[in-house]
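Accompanying notes for the structure given below.
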Amino acid sequence: MDFLRPASWEEALAAKAEHPSAAPIAGGTDIMVEINFDHRRPEYLLDLNRIGLLREWEVGEESVRLGASVPYAQIMEHLRPELPGLALASHTVASPQIRNRGGVGGNLGTASPAGDAHPALLAAGAEVEVESVRGSRRIPIDDFYTGVKRNAMEPDELIKWVHIKKADGPQQYSKVGTRNAMVIAVCAFGLALHPETRTVKTGIGSAAPTPVRARAAEDFLNAALEEGGFWESGKIITPSIAKQFAELASGSCNPIDDVRGTAKYRRHAVGIMARRTLGWTWEQYRGAGRTLEGAA
């Protein structure tokens with residue numbers, strides 16, 4: 001196994017173009033586990049730790065430009081007001097040591113359906129900016145996941161930035177695991193209210209071959225909130241609406257039985273998390289006087 005250590009982003013792109021099979025390593029919290037257990041033996045490792053721009057972020061007027069290697073701990077500390085759902089998801093990542101090393105780019109590159117960041121990114125409406133020596137492009141998060149541990153990137157591309165819309169309403173995240181720390185999600189659920197567009201978006205993790213949105217649940221809830229005048233009035237969502245939303249979210253899953261949980265349990269748990277996160281976010285929305293400033 002050869003170790004490539006570029007000193008700049010341009011050198012990294014050139015190395016990836018010359019060795020498309022090279023496995024990028026930054027935090028190393030995923031790939032080193034695979035190597036240590038001999039589940040993967042790449043011909044080249046492409047070390048990105050000398051590239052400082054990947055650990056930078058910029059808060060713009062409408063969105064956050066997040067470097068692929070920004071650690072979860074930094075997201076929790078500095079970006080909670082702008083990215084509350086992702087900050088909550090970051091809290092659930094393993095241990096403090098791993099939160100200080102791992103970043104969103106690693107989750108996206110690995111594309112495991114159990115990655116903790118995925119539900120929050122789906123609910124927030126993110127775009128992944130990838131680049132190669134041929135140029136750069138943005139991939140909407142809904143199109144990024146193509147299969148189990150597969151994504152829409154070309155072999156010579158690297159993740160540079162993740163563009164995430166700043167929260168314009170409350171966001172929540174919930175995860176079920178066999179214990180409170182150092183655990184892969186049995187299933188996870190993210191939800192974001194978008195009052196500016198009067199829409200609700202979701203994200204489901206570890207309950208299908210890829211991270212997915214509960215689109216049928218979103219469509220139902222968006223229609224129910226609009227028809228019932230909930231956005232204007234801020235009245236309590238009725239139990240029947242919450243129940244139907246939860247059932248549709250559960251139906252959006254396509255889980256498997258494995259050592260962490262059964263498919264039946266995952267569907268049930270996703271329904272529970274959907275109902276609870278809807279309750280939490282809506283109470284935040286109502287208590288904030290239906291403004292983002294109040295919610296913050």
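The table below lists the values:
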| item | result |
| --- | --- |
| Test result for A188, closer than 27 Å to P81 by Cβ and either exposed (fewer than 14 other Cβ atoms within 10 Å of the Cβ) or in contact with a Cys (Cβ under 9 Å, 6 or more places away or on another chain) (or both) | no |
| Single match in V148, V176, V133 (criterion: touching a helix residue (DSSP H, G or I) at 6+ places or on another chain (Cβ under 6 Å), in contact (Cβ under 8 Å) with a residue 12 or more places away in the chain and farther than 30 Å from E11 by Cβ) | V176 |
| Residues within region 114-130 that are in contact with a strand residue (DSSP E or B) (Cβ under 6 Å, 6 or more places away or on another chain), buried (at least 24 other Cβ atoms within 10 Å of the Cβ) and in contact (Cβ under 8 Å) with a residue 60 or more places away in the chain, tallied | 6 |
| Members of region 159-176 that are in a strand (DSSP E or B), under 29 Å from Q97 (Cβ atoms) and out of contact with any Asp or Glu (no Cβ under 6 Å at 6 or more places or on another chain) | I159, V162, I164, Q171, Q172, Y173, S174, K175, V176 |
| Residues of region 196-213 classified as crowded, with 19+ Cβ neighbours inside 10 Å and either among the hydrophobic types (A, V, I, L, M, F, W, C) or in a loop (DSSP other than H, G, I, E, B) (or both), total | 9 |
| Candidate set from region 111-153 (those that are hydroxyl-bearing (S, T, Y) and in contact with a His (Cβ under 9 Å, 6 or more places away or on another chain)); member that is farthest from A192 (Cα to Cα) | S112 |
| Strands (runs of 3 or more DSSP E) contained in region 1-80 and holding at least 2 residues open to solvent by 10 Å² or more (accessible area, probe 1.4 Å) and touching a helix residue (DSSP H, G or I) at 6+ places or on another chain (Cβ under 7 Å) | 23-25 |
| Out of G271, G289, sole residue that is among the small types (G, A, S) and at pLDDT below 95 | G289 |
| Selection status of G106, of a type in the set (G, A, S), touching a residue at least 60 places away in the same chain (Cβ under 8 Å) and part of a loop (DSSP other than H, G, I, E, B) | no |
| Members of region 140-155 found to be crowded, with 19+ Cβ neighbours inside 10 Å and not aromatic (F, W, Y), listed by number | I141, N151, M153 |
| Cβ-Cβ under 9 Å pairs, at least 6 apart or on other chains, region 68-89 side modelled with pLDDT of 95 or more, far side of a type in the set (S, T, Y) and surrounded by fewer than 20 Cβ atoms within 10 Å (Cβ to Cβ) | E82/S63 |
| Residues of region 185-206 satisfying the condition of being within 14 Å of the chain's Cα centre (by Cα) and of a type outside the set (D, E, K, R) | A185, C187, A188, F189, G190, L191, A192, T202, G203, I204, G205, S206 |
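Yes/no per residue for (1) over 26 Å from R99 (Cβ atoms); (2) at pLDDT below 95; (3) in contact with a Lys or Arg (Cβ under 6 Å, 6 or more places away or on another chain):
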| residue | (1), (2), (3) |
| --- | --- |
| G109 | no, no, no |
| R134 | yes, no, no |
| I139 | no, no, no |
| T146 | yes, no, no |
| T178 | no, yes, no |
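The values are calculated or read from the model by the stated rules, or taken from the named source; none is laboratory data. Quick caveat: nothing in here was measured; it's all calculated off a predicted structure. Here the Cβ is made from the backbone with ideal geometry for all residues, glycine too, and neighbour counts use every protein chain on show. Accessible surface areas use protein heavy atoms only, side chains included; no ligands, DNA or RNA. Shrake-Rupley method; radii C 1.70, N 1.55, O 1.52, S 1.80 Å.
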